Amino acid sequence: MTAKGQKIGIVGAGLSGAVIARELAEAGFEVEVFDTRPHIGGNCHTERDADTGVMVHIYGPHIFHTDDAEVWDYVNGYQTFLPYKNRVKTTSQGQVYSLPVNLHTINQFFGKTFRPEEARAFIEEQADKTITDPQTFEEQALRFVGRDLYEAFFKGYTEKQWGCSPTDLPASILKRLPVRFNYDDNYFFHKFQGMPENGYTDMIEKIFDHPKIKVTLSQHFDPRGRHDYAHLFYSGPLDGYFAYEFGRLGYRTLDFERFTYQGDYQGCAVMNYGDASVPYTRITEHKHFSPWESHEGSVCYREFSRACGEDDIPYYPIRLVEEKAQLADYVARANDETSVTFVGRLATYRYLDMDVTIREALDTARLFLAKAKDEAAMPAFVHSPL
């Protein structure tokens, strides 16, 4: 195994790569980081717009939320996180509603003035009780909220987001009852929620700021170069590492139609569009992600979801039956590798929130240091993709 001072290679300058690089650099390793993009930060890269001064989430909004106190303390060690509550609205059937579906949404949608117990009983009446073991997304929604709410808030949006019928998606995508019987419109439940005062890229820059870390951008890393390092941590696409030997894993990608506006375009950060007839899934207005700032101008994105092509940025792993079979082949192939550990969203083909990405990177770095001390082998995956 490795000893202090030996070189470590890291592919990917996003959160996974940054956290692992910093942990190992502080332990005495020389770390070289490579990324194909011309900037650090991966998909949570932020830039201040030159014309409006707005902090823009270049690859779509990233909102930090977690119950993990150590991760919250970690990110606040590199950036001040200011309070931010994600309050999403949706335009559906000619009206604007609050999400997640809550008591206000229910009363507005049905023209009622229900109290919590009354609303709960009413929704239970709407539910399709003939569905006892929901297998699909649609069955799960019909069983828990009934057809009216399903068609208004879930069906069209899901069709656009995933490019297929909700009858083709597993029930697990809609894990919890998507209804609140109170007036709480905070999208997340987590204890710690906020936004970095100066953006995520500034935070990741500070994580990389260590004399033992060298970052090289706009450069593709050839996996054959892994032998130059005592160990390689790879956070790029798992299938890409193996030159797509078993075909390409399925992803959804996003197209952004950027536009500017003088004033306040929509009065909120996120406006979903639930109707299938509207081609985009949502509009995000980026100045509202930094409510402590004041800007006259505004930068907005219309988001369109579609199948990911060879030259597109992969966002959401599909993970249906076909992809899972492919994934099993790649995992078996990865487990045959030596001195390589696959980390993060792309290399483990899982949808990961930022806090989970950081937690897994910390766990991975600590396991590596423990293994190095014992001169033991590091596994290909610390967190299995399967």
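Overview of values
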quantity: Matching option when the condition is more than 23 Å from Glu197 (Cα to Cα) and of a type in the set (Val, Ile, Thr), among Thr253, Thr284; calculated: Thr253
quantity: Top-ranked residue in the stretch 45-68 [being of a type in the set (Asp, Glu) and under 20 Å from the mean Cα position of the chain (by Cα); ranked as least open to solvent (accessible area, probe 1.4 Å)]; calculated: Asp68
quantity: Counted residues, the stretch 281-297 - those being out of contact with any helix residue (DSSP H, G or I) (no Cβ under 7 Å at 6 or more places or on another chain) and surrounded by 17 or more Cβ atoms within 10 Å (Cβ to Cβ); calculated: 9
quantity: Wholly within the stretch 270-386, helices (runs of 4 or more DSSP H) carrying at least 3 residues that are under 25 Å from Gly236 (Cβ atoms), among the β-branched types (Val, Ile, Thr) and at pLDDT 95 or above; calculated: 354-374
quantity: Condition check for Lys89: in a loop (DSSP other than H, G, I, E, B) and modelled with pLDDT of 95 or more; calculated: no
quantity: Options Ala276, Ala269, Ala307: the member that is under 18 Å from the mean Cα position of the chain (by Cα) and more than 20 Å from His62 (Cα to Cα); calculated: Ala307
quantity: Tabulated pairs, the stretch 1-23, first modelled with pLDDT under 95, second in a strand (DSSP E or B), C-beta under 9 angstrom, 6+ apart or interchain; calculated: Met1/His231; Thr2/Ile8; Thr2/His231; Gly5/Glu30; Gln6/Glu30; Gln6/His231
quantity: Only one of Asn272, Asn186, Asn182 that is touching a helix residue (DSSP H, G or I) at 6+ places or on another chain (Cβ under 8 Å), closer than 27 Å to Tyr316 by Cβ and of a type in the set (S, T, N, Q); calculated: Asn272
quantity: Unique match (being among the small types (Gly, Ala, Ser), without any contact (Cβ under 8 Å) to a residue 12 or more places away in the chain and closer than 30 Å to Ala141 by Cβ) among Gly77, Gly111; calculated: Gly111
quantity: Some residue of the stretch 93-101 being at pLDDT 95 or above, among the aromatic types (Phe, Trp, Tyr) and farther than 26 Å from Ala276 by Cα; calculated: no
quantity: Residue within the stretch 247-266 that is of a type outside the set (Asp, Glu) and without any contact (Cβ under 8 Å) to a residue 24 or more places away in the chain present; calculated: no
quantity: Unmet criterion (only one of (1) assigned to a loop (DSSP other than H, G, I, E, B); (2) open to solvent by 40 Å² or more (accessible area, probe 1.4 Å); (3) under 21 Å from Arg359 (Cβ atoms)) for Gln79; calculated: (2)
quantity: All positions within the stretch 1-44 that are within 30 Å of Phe259 (Cα to Cα) and either touching a Phe, Trp or Tyr at 6+ places or on another chain (Cβ under 6 Å) or surrounded by 21 or more Cβ atoms within 10 Å (Cβ to Cβ) (or both); calculated: Gly12, Ala13, Gly14, Leu15, Asp35, Ile40, Gly41, Gly42, Asn43, Cys44
quantity: Which numbered condition Cys44 misses (of (1) over 21 Å from Arg350 (Cα atoms); (2) in contact with a Ser or Thr (Cβ under 9 Å, 6 or more places away or on another chain)); calculated: (1)
quantity: Yes/no for Val71 being touching a residue at least 12 places away in the same chain (Cβ under 8 Å), outside any strand (DSSP E or B) and either touching an Asp or Glu at 6+ places or on another chain (Cβ under 7 Å) or open to solvent by less than 10 Å² (accessible area, probe 1.4 Å) (or both); calculated: yes
quantity: Within the stretch 319-354, tally of residues that are hydroxyl-bearing (Ser, Thr, Tyr) and within 18 Å of the chain's Cα centre (by Cα); calculated: 3
quantity: Residue tally, condition of a type in the set (A, V, I, L, M), closer than 27 Å to Leu254 by Cα and free of Cβ contacts under 8 Å to residues at least 60 places away in the same chain, over the stretch 116-168; calculated: 2
quantity: Filter pass, Pro166 being closer than 21 Å to Ser92 by Cα and not aliphatic (A, V, I, L, M); calculated: yes
quantity: Members of the stretch 298-328 that are open to solvent by 70 Å² or more (accessible area, probe 1.4 Å) and touching an Asp or Glu at 6+ places or on another chain (Cβ under 8 Å); calculated: Arg306
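One line per residue, one yes/no per condition, for (1) free of Cβ contacts under 8 Å to residues at least 40 places away in the same chain; (2) under 24 Å from Ser98 (Cβ atoms); (3) of a type in the set (Phe, Trp, Tyr):
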position: Ile283; (1), (2), (3): yes, yes, no
position: His286; (1), (2), (3): no, yes, no
position: Gly297; (1), (2), (3): no, no, no
position: Asp312; (1), (2), (3): no, no, no
position: Ser339; (1), (2), (3): no, no, no
position: Ala347; (1), (2), (3): no, no, no
position: Lys373; (1), (2), (3): yes, no, no
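The values are calculated or read from the model by the stated rules, or taken from the named source; none is laboratory data. What you are looking at is a predicted structure, and each value in this text was computed from that prediction instead of being measured. Reconstructed Cβ throughout: ideal geometry from the backbone, glycine too, with neighbour counts over all protein chains shown. Accessible surface is based on the protein model in full, side chains and every heavy atom, while ligands, DNA and RNA are left aside. Shrake-Rupley method; radii C 1.70, N 1.55, O 1.52, S 1.80 Å.
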